[in-house]
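The values are calculated or read from the model by the stated rules, or taken from the named source; none is laboratory data. Bear in mind that the values here come from a model prediction, so they are computed numbers and not experimental data. Ideal geometry is used to build each Cβ from the backbone, glycine not excepted, and the neighbour counts take in all protein chains shown. Keep in mind that these areas ignore ligands, DNA and RNA; they rest on the heavy atoms of the full protein, side chains included. Shrake-Rupley method; radii C 1.70, N 1.55, O 1.52, S 1.80 Å.
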Amino acid sequence: MDYKIETNCVQAGYEPKNGEPRVLPIYQSTTYKYDSAQYLGDLFDLKVEGHMYTRLSNPTIECVEKKIAALEGGVGALCLSSGQAANLFALLNIAQSGDNFVSASEIYGGTVNLFAVTMKKMGIEVRFASPKDSDEEIEKLFDERTRAVFGETVSNPALDVLDIERFARLAHSHGVPLIIDNTFATPINCRPFEFGADIVTHSTTKYMDGHATCVGGAIVDSGNFDWAGGKYPELSEPDESYHGVTYTKEFGKAAYIVKARAQLMRDLGSQMSPIAAFILNLGLETLHLRVERHCENAMKVAKFLEDCDDISWVNYPGLASSPQYELAKKYMPHGICGVISFGIKGGKEAAVKFMESLKLAQMVVHVADARTSVLHPASTTHRQLSDEQLISCGVPADMIRMSVGIENCDDIIGDIQQALFNAK
Ligand SMILES: *Cc1c(COP(=O)(O)O)cnc(C)c1O
């Protein structure tokens, strides 16, 4: 039965049989028991499906993987210990030393470091493309060792909306997949596979968990990309570290996720824990309700700020004044995310005073949980930079990033009003 996404948030992934627990149990076990050595041998040979060891798979985590795959409309998913691990594995699964990939330049700062510093040390080169560049300019970044294209649906924290269809076309015309980090939009607002993306990644730490309780990540495969074309011998030729299994031949559409699990998770770890998967599942059960309220509140706050004399600028792709508005309408017609950014008149000093005057909204480094929170990048995450450097990296000194929560919006706006008054 094909259910709608709201139903899948609540129910997908776990189907108890007669007399079994109604609620997804936490299988807090690293290990599993077998009746015969033959069965265990077959498990090791990937001939039968089942659990061997919780680094590779676990019944609680498996149910959450099935739910996330259903939400994105994919054929399979792999949960990981963090969003960072998810993006690393998504690329490492199809690229090796000497290879390169193209990435949109407006992406999460942690991902920039992962790509430009740590993956570079592994011999995998990132080539950044500004979405403002022409197709011809971006085409120049590809060569015969290019293995993927990467971007974020809505970027953190710049809130740029990626033209997914355009990036999918560029990727596919060079025979490589498009990987989309869908953390901010969530599958409630955008399902990148419907626009041609091949792989989706998530920091489940954000809206999916939604309560700021567990760090986690996920990779989802659409099953649509053909890995057998010759560029991905690790998938289409025998894996000697797995007694010659050929993932594309033996697992068909599931090849990419099976390889990420059987090879990368086996060798590198980074698995999600069963209890984290249980907590993530609780978050997912209300994802559709929370995301809707986050977006509704963020839109109201953005409109309020736009009309407010003390505010110099507001960046939210849902505002008709935003240069991102048309792209946002196409890719996320029902809502974008709860994060907005704005500048306050009076610069850095006024921004700090304003933030310290907020009562309901609290200063945190995190975004995308139920509670409204704020961050002033210029005095925290970017505090080593001069005012000129701040402007050149897109973080003006007066910029405040607000993650609008799911409280009553009148209270959120009231808090902003009193803080603006007190910051004067
Ligand atoms: C937070 C974040 C990440 C990193 O995820 P962690 O769970 O913190 O490791 C990756 N991408 C985006 C878009 C993020 O917001």
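Things worth noting here:
- Test: residue in the stretch 177-190 that is small (Gly, Ala, Ser) and under 28 Å from residue 234 (Cβ atoms): no
- Of all residues in the stretch 383-412, those satisfying the criterion of being over 15 Å from residue 347 (Cα atoms) and surrounded by 18 or more Cβ atoms within 10 Å (Cβ to Cβ) are 402, 403, 404, 405, 406, 409, 412.
- For the stretch 329-355, filtering for residues that are more than 16 Å from the ligand (Cβ to nearest atom) and in contact (Cβ under 8 Å) with a residue 60 or more places away in the chain leaves 9.
- Criterion violated by residue 371 - all others in (1) at pLDDT 95 or above; (2) within 23 Å of residue 185 (Cβ to Cβ); (3) crowded, with 17+ Cβ neighbours inside 10 Å satisfied: (3)
- Selection status of residue 116, more than 12 Å from the ligand (Cβ to nearest atom) and either surrounded by fewer than 22 Cβ atoms within 10 Å (Cβ to Cβ) or not assigned by TED's automatic domain parsing to the domain that holds residue 15 (or both): yes
- With respect to the conditions (1) surrounded by fewer than 20 Cβ atoms within 10 Å (Cβ to Cβ); (2) not assigned by TED's automatic domain parsing to the domain that holds residue 397, residue 278 lacks only one, and its number is (1).
- The residues in the stretch 128-187 that are within 16 Å of the ligand (Cβ to nearest atom), of a type in the set (Phe, Trp, Tyr) and open to solvent by less than 40 Å² (accessible area, probe 1.4 Å) can be counted, and the count is 3.
- Of residues in the stretch 188-224 being free of Cβ contacts under 8 Å to residues at least 60 places away in the same chain and crowded, with 24+ Cβ neighbours inside 10 Å, the one farthest from the ligand (Cβ to nearest atom): 198
- Hits in the stretch 10-53 (condition: assigned to a loop (DSSP other than H, G, I, E, B), open to solvent by 90 Å² or more (accessible area, probe 1.4 Å) and aromatic (Phe, Trp, Tyr)): 27
- Residue match in the stretch 142-156 (condition: among the polar types (S, T, N, Q) and free of Cβ contacts under 8 Å to residues at least 12 places away in the same chain): no
- Looking across the stretch 347-357 at every residue that is crowded, with 16+ Cβ neighbours inside 10 Å and out of contact with any strand residue (DSSP E or B) (no Cβ under 6 Å at 6 or more places or on another chain), the one that is nearest to residue 404 (Cα to Cα) is identified as 357.
- Number of the condition not met by residue 235 [criteria: (1) away from the ligand (no atom under 16 Å from the Cβ); (2) open to solvent by 10 Å² or more (accessible area, probe 1.4 Å)]: (2)
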